[in-house]
Amino acid sequence: MCGIMGYIGTQSAQEILLNGLEHLSYRGYDSAGVAVQKENRLQIVKTRGRIDLLRQKCQDTPLDGTLGIGHTRWATHGPANDLNAHPHTDARGRIAIVHNGVIENHAQLRQMLTARGFVFRSDTDTECAAHLLRLLYDGDMLRTLLLAARYLTGSYAIAALCADDPSALYCIRSGSPLILGTREGESYLSSDIPALLPYTRELTVPEDGEAAVLRRSGIYLFSAKGQRRRAQTFHVSWDMQSAEKGVYPHFMLKEIHEQPQALHSPPIIRKLPARAPSQAVLLGCGTAYHACLLGAYYMERLAGIPAFPEIASEYRSRIAFPYRDCACIAVSQSGETADTISAARMAKARGAVLVTLTNTLGSTLERMSPAALLTPAGPELSVASTKAYTAQALALLQLALRWGRMRGTLQEALSEQQLLHLPHWAQEMLSSSSAIQAYIEPRADQPLFFFIGRGADAVTAREAALKFKEITYTPAESYPAGELKHGAIALIHEGMPVIAICTQPEWLHKTLVNLSECRARGAECVCFCLPHMEKDAREAADHVFVLPDMPPLLAPIISVIPLQLLAYYAACKKGLDVDKPRNLAKSVTVE
Ligand code: M6R
């Protein structure tokens, strides 16, 4: 939520900030702005709307200078308008800041600052930090920033410029992501790695509570007490193309098509415990939670390990039993989801061994976990998660196999050869894109869709419905097929699409009966099934899509792909902004 970018060096700051913000715009796109320092003056341009509007404004008023900060906003406090756009400044325009996160005590700070004569111009929580810096400023910006942090509660990554100091850029983080990068004569900061890839792959992440001073000569880290810490860099191997759309019209389509590659290699493992646990809690939000559901299915089915998937934001309200011999698997593409981080902390405090499954090296979750699995999916920039999900599902399956072998409880064998075939099945699935497009386009304006399935297929149905709602803005329900007749079947009406996923032979006939029940009430029924199920499926469904011939245990990793395409083509047909759906942001760093 919100992206910040900062630069100090020898090139035009404006250009680097605008390019960086474009890469970060998946984090929020309500408004955008930049501040560039020229000698002892701060110049600011900001606007409601997206980066292209900001770029236009900057063309009218070019900002000259080689030191600056920028922001792209996902509104939390106050509507998306010019006034609420960042950067925010103190009253004299001498200190400018950009902020990602939420300052939870902003109301008290606002009251205190107003009483001291500070006048607020925006509705944002951020503006109080700008005035607070002015109140505390003693000529040393680093000291001021560290002092101000003592008054701020909540989560923040803040970058600041001070007109008195044209040779440095300042930043501090607590609970929000902040990546620093450097190369000869230049230093950068950003909320995420892809924005830095055109410039450098040597990166540093400040610890929570740390501040940094970025100079042309390099990056200097300081603890909350002001003690200098040597910056440790790490190298990212993601290439530039992985953060560009290339020949695809949208990142989402590109990322759907990258799934064969994402399923090609196993996750990179960092320090997994030598013993398998006797139970597992899996935590995640949204699509990552759906991966948890599938992961729990694999843990129990393959490894005989009791597994409990939990929505991270709900987990915190669960009664706190201490855990013994329990792994907590925190699943998050970004590794920055605030709810997942908080829930993982809680599980850790309850005694679970924390294992993070993430796509993002250097993310908060990765860094706070003693053990991690890194999915090899490459950067995922479309707000709708696709390749991260299939990579997470495979990683959890592999973890279940590993733990099942270790415990001697492996219930069902899957050969390496079968796993190696996943990219081919994914590719085969992608080649049926045009059939999916042809089916959905004439139905894109239907007011309601139902996705149903049983067992692992019920998980795929949930993920399909989430994807559909998220990017088409059409109500889409997902139901375990057997649950429909306990209430939701009342919603079925003439011509309504009901889409069944059938990959588990033991549930085929029951699901098909449920589909027939919908058809009898006027629904238009669709079935995605394995080849040997086709004949039966045709009896119950109006349209049948045959999936590749694969083992049912692996099918949930592949069967989601046509459903991602279904949502994608429906959203395109409706002319919607597929990569940046309304009201959303890629990385949800507020609770
Ligand atoms: O970065 P994370 O995997 O922790 O994100 C979790 C959810 O916010 C995310 O999966 C969200 O549900 C997606 N936009 C769904 O496509």
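Does any residue in the range 358-385 that is in a loop (DSSP other than H, G, I, E, B) come within less than 7 Å, Cβ to Cβ, of a residue that is away from the ligand (no atom under 12 Å from the Cβ) and of a type in the set (Lys, Arg) six or more places away or on a different chain, and which pairs are these?
PRO370/LYS271
Which one of these is surrounded by 22 or more Cβ atoms within 10 Å (Cβ to Cβ), within 12 Å of the ligand (Cβ to nearest atom) and among the β-branched types (Val, Ile, Thr): THR390, THR375?
Step by step, each of THR390, THR375 is checked, and only THR375 is surrounded by 22 or more Cβ atoms within 10 Å (Cβ to Cβ), within 12 Å of the ligand (Cβ to nearest atom) and among the β-branched types (Val, Ile, Thr).
Mind counting the residues in the range 1-22 that are part of a helix (DSSP H, G or I), in contact with a strand residue (DSSP E or B) (Cβ under 7 Å, 6 or more places away or on another chain) and open to solvent by 10 Å² or more (accessible area, probe 1.4 Å)?
1
Regarding ILE492, is this residue open to solvent by less than 50 Å² (accessible area, probe 1.4 Å), assigned by TED's automatic domain parsing to the domain that holds VAL544, at pLDDT 95 or above and more than 21 Å from TRP425 (Cβ to Cβ)?
On the way: open to solvent by less than 50 Å² (accessible area, probe 1.4 Å): yes; assigned by TED's automatic domain parsing to the domain that holds VAL544: yes; at pLDDT 95 or above: no; more than 21 Å from TRP425 (Cβ to Cβ): yes.
So ILE492 does not fit the description; no.
Given the residues SER155, SER122, SER187, which is the only one that is buried (at least 16 other Cβ atoms within 10 Å of the Cβ), in contact (Cβ under 8 Å) with a residue 60 or more places away in the chain and farther than 19 Å from ASP208 by Cα?
Working: SER155 fails: farther than 19 Å from ASP208 by Cα; SER122 fails: in contact (Cβ under 8 Å) with a residue 60 or more places away in the chain.
Checking each option against the conditions leaves just SER187.
Enumerate the pairs (first residue in the range 457-482 and under 16 Å from ASN514 (Cβ atoms) and outside any helix (DSSP H, G or I); second residue anywhere and of a type in the set (Asp, Glu) and within 11 Å of the ligand (Cβ to nearest atom)) with beta-carbon separation below 9 Å, excluding pairs fewer than 6 apart on the same chain, so at least 6 apart or on different chains.
Going by the 9 Å Cβ cut-off, the qualifying pairs are SER478/GLU463.
Checking GLU428 against (1) away from the ligand (no atom under 16 Å from the Cβ); (2) open to solvent by 10 Å² or more (accessible area, probe 1.4 Å); (3) outside any loop (DSSP other than H, G, I, E, B); (4) in contact with a strand residue (DSSP E or B) (Cβ under 7 Å, 6 or more places away or on another chain), which single condition isn't satisfied?
Going through (1) away from the ligand (no atom under 16 Å from the Cβ); (2) open to solvent by 10 Å² or more (accessible area, probe 1.4 Å); (3) outside any loop (DSSP other than H, G, I, E, B); (4) in contact with a strand residue (DSSP E or B) (Cβ under 7 Å, 6 or more places away or on another chain) one by one, GLU428 breaks only (4).
Identify, please: which residue in the range 343-370 is away from the ligand (no atom under 13 Å from the Cβ) and open to solvent by less than 20 Å² (accessible area, probe 1.4 Å) and is, among those, farthest from SER385 (Cα to Cα)? Please lay out each step first, then the result.
The first filter runs over the range 343-370 and keeps only residues away from the ligand (no atom under 13 Å from the Cβ), leaving 345-355, 361-362, 367-370.
From what's left, open to solvent by less than 20 Å² (accessible area, probe 1.4 Å): 347, 352, 354-355, 362, 369.
Values: ALA347: 25, ALA352: 27, LEU354: 23, VAL355: 21, GLY362: 20, SER369: 23 Å.
Per the criteria, the residue is ALA352.
In the range 566-591, which residues are more than 16 Å from the ligand (Cβ to nearest atom) and surrounded by fewer than 17 Cβ atoms within 10 Å (Cβ to Cβ)?
Scanning the range 566-591 gives LYS573, LYS574, GLY575.
Scan (1) under 26 Å from the mean Cα position of the chain (by Cα); (2) farther than 24 Å from ARG41 by Cα for the single condition HIS99 breaks and write down its number.
Tallying (1) under 26 Å from the mean Cα position of the chain (by Cα); (2) farther than 24 Å from ARG41 by Cα, HIS99 fails exactly one: (2).
How many residues are among the small types (Gly, Ala, Ser) and either within 22 Å of LYS573 (Cα to Cα) or assigned by TED's automatic domain parsing to the domain that holds HIS250 (or both) if we restrict to the range 444-477? If you could, list the steps in order and put the result at the bottom.
Initially, the range 444-477 is screened for residues among the small types (Gly, Ala, Ser), giving 444, 453, 455-456, 458, 461, 464-465, 476.
Add one more test, that the residue is either within 22 Å of LYS573 (Cα to Cα) or assigned by TED's automatic domain parsing to the domain that holds HIS250 (or both), and what stays is 444, 461, 464-465, 476.
Matching residues across the range 444-477 total 5.
Quick check on this structure: which one of ALA231, ALA274, ALA212 is small (Gly, Ala, Ser), free of Cβ contacts under 8 Å to residues at least 60 places away in the same chain, farther than 27 Å from PRO423 by Cβ and not assigned by TED's automatic domain parsing to the domain that holds ALA159?
After applying the criteria, what remains is ALA274.
Return the residue satisfying two criteria in turn: it lies in the range 539-565 and is farther than 30 Å from LEU401 by Cβ and in a helix (DSSP H, G or I), and of such residues it is least open to solvent (accessible area, probe 1.4 Å). Break it down stepwise before answering.
As a first pass, look at the range 539-565 and keep what is farther than 30 Å from LEU401 by Cβ: 539-544.
Imposing the further condition that a residue be in a helix (DSSP H, G or I) reduces the set to 539-540.
Numbers: GLU539: 142, ALA540: 5 Å².
Across the range 539-565, the extreme among qualifying residues is ALA540.
Would you mention how many residues in the range 195-211 are in contact with a helix residue (DSSP H, G or I) (Cβ under 9 Å, 6 or more places away or on another chain) and either over 18 Å from GLU366 (Cα atoms) or open to solvent by less than 70 Å² (accessible area, probe 1.4 Å) (or both)? First the steps, then the outcome.
Pass one, the range 195-211, residues in contact with a helix residue (DSSP H, G or I) (Cβ under 9 Å, 6 or more places away or on another chain): 195-199, 203, 205, 207-209, 211.
Now restrict to residues that are either over 18 Å from GLU366 (Cα atoms) or open to solvent by less than 70 Å² (accessible area, probe 1.4 Å) (or both): 195-199, 203, 205, 209, 211.
The total comes to 9.
The values are calculated or read from the model by the stated rules, or taken from the named source; none is laboratory data. Please read all numbers here as calculations on a predicted model, not as lab measurements. Here the Cβ is made from the backbone with ideal geometry for all residues, glycine too, and neighbour counts use every protein chain on show. Each accessible area value is taken on the protein alone, full model and side chains, heavy atoms only, with ligands, DNA and RNA left out. Shrake-Rupley method; radii C 1.70, N 1.55, O 1.52, S 1.80 Å.
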